[in-house]
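Trainee: Here it is, the structure, as structure tokens.
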Amino acid sequence: MTNKLDTWFVGSENRKSAVSIFYPKKREKAEIVLFAHGFKGFKDWGHFPLIQRYLANNGFIVVAFNFSHNGGTVEEEIDFPDLDALSNNTYQKEVEDVGYVLGWIKDNKTNYFTGANIERIHMIGHSRGGGIALVAGSKYDELKKVVTWAAVADFMERLPDAIELQKWKESGVFYIKNGRTQQDMPMNYNFVQSLLKHQEELNIEKSVRKLEKSLLVIHGANDETVSVENAERIKSWKNEAQLKVIANCNHTFNGKHPWIESNLPKATLEALTHTLAFLKF
């Protein structure tokens, strides 16, 4: 039976953020897997907790965390009660958050991670979190293997067109409608300025080309949000990378929020099968 512990870490700009740790039955020498959500996501989105528990049931300690400026709080982890924090988010802060989580694990090696193999930490990132995982993988030596689920291949391409970008600059804020919550999610123009300032470090292609660790790229063939072509490009930048394209699979691996079923979708289970085979090899 998997045990779960809810706590928090201190991320970018000294902001507290929620984290859940899923423990396997046998913790001794267990390797650690970080699980990172994407934009408009959070660690408890939809079927994510079932995914995290599945990984733990297969022998890994899973550290699922919210990015510090994802719009959630430690008290309210689900959805987006703090739009002010969200408005100040940047890709750079999310990369920094991964570093803070790694440092937090090291600081708690005799507390939350007693007996764990903290020399073997891997990372799974979904969507934008997949892009962050690729950049973090090339930045942080502590990460040994990287797995992307429906990852973006280029952060610059995610920006709006030139006309909308100019409007964003002039107004100072850009709103993205969350179709599920009906919130207008604000993003300050600092988001663009930070991306331009750190463009070299946040270049996913360059990160993948210099990635000196194993990489597994998983994508749904029917991804309506981030096309499968993104996965093909990521694979092309690293010959040794593995690419798995899952048929009849959308951006969320056929999950949704809320997820009220006790079982995982077939597409998610297929992604997990590939992921576990890769991590255990």
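Trainee: Report the antiparallel proportion of the DSSP beta bridges in region 3-280 as a percent, rounded to a multiple of 5.
Mentor: Bridges in region 3-280 that DSSP calls antiparallel: roughly 40 percent.
Trainee: Right, here's the next one. Remind me, relative contact order of region 170-254 in percent, using alpha carbon pairs under 8 angstrom and six or more residues apart?
Mentor: 24 percent
Trainee: Another question about this same structure. If we count other beta carbons within 10 Å of each Cβ, what is the order of VAL245, VAL208, fewest first?
Mentor: Lowest count first: VAL245, VAL208.
Trainee: Work through the residues other than TYR23 whose Cβ is under 14 Å from its Cβ and net out their charges, Lys, Arg +1 and Asp, Glu -1.
Mentor: Here the charged neighbours net out to +3.
Trainee: In addition: What's the exposure ranking of PHE278, PHE60, going from fewest to most Cβ atoms within 10 Å?
Mentor: By the 10 Å Cβ count, ascending, the order reads PHE278, PHE60.
Trainee: In a GNM of the chain with a 10 Å cut-off on Cα contacts, which of GLN92, GLN166, GLN193 has the highest mean-square fluctuation?
Mentor: Between GLN92, GLN166, GLN193, it is GLN166 that shows the largest mean-square fluctuation.
Trainee: For the chain, calculate the relative contact order in percent as a whole number, restricting contacts to Cα pairs under 8 Å that are 6 or more residues apart.
Mentor: 17 percent
Trainee: Please go through the residue pairs LYS169/LYS197; LYS40/LYS145; LYS93/LYS139; LYS4/LYS40; LYS16/LYS139 and name each one whose alpha carbons sit more than 19 Å apart in this structure.
Mentor: In this structure, LYS40/LYS145; LYS4/LYS40; LYS16/LYS139 exceed 19 Å between Cα atoms.
Trainee: Hey, another quick one. Tell me which label goes with the value of Cα extents along the principal axes in Å computed from the coordinates here: [x] 75, 43, 38; [y] 55, 40, 38; [z] 94, 33, 33.
Mentor: [y]
Trainee: Taking the beta-carbon count within 10 Å as an exposure proxy, list SER87, SER262 from fewest neighbours to most.
Mentor: In order of increasing Cβ crowding within 10 Å: SER262, SER87.
Trainee: Another question, then. At 222 nm, what value in deg cm²/dmol follows for the chain if DSSP H runs of at least 4 each add -39500 (n - 2.57) and the sum is divided by all its residues, to the nearest 500?
Mentor: -9500 deg cm²/dmol
Trainee: How far is helix 128-139 tilted, in degrees, relative to the longest principal axis of the Cα atoms in the chain, given as a value from 0 to 90 rounded to the nearest 10?
Mentor: So the inclination is approximately 70 degrees.
Trainee: Moving on. Taking the Cα centre of region 3-280 as origin, work out the dipole magnitude from +1 charges on Lys and Arg Cβ and -1 charges on Asp and Glu Cβ, in debye rounded to 20.
Mentor: 940 debye
Trainee: Length gain on complete extension for the stretch ASP82 to LEU159, per 0.36 nm per residue less the alpha carbon to alpha carbon distance?
Mentor: Going from the current span to full extension adds 25.5 nm.
Trainee: Is the shape of region 164-268 best called rounded, prolate or oblate, per the rule: a/c under 1.5 gives rounded, else a/b larger than b/c gives prolate, else oblate, with a ≥ b ≥ c the square roots of the Cα gyration tensor eigenvalues?
Mentor: oblate
We did not get these values from a lab; they are worked out from the coordinates using the rules stated. This one's a predicted model, so the numbers in the text were calculated from it and none came from an experiment. All Cβ positions, glycine included, derive from the backbone under ideal geometry; neighbour counts span all protein chains shown.
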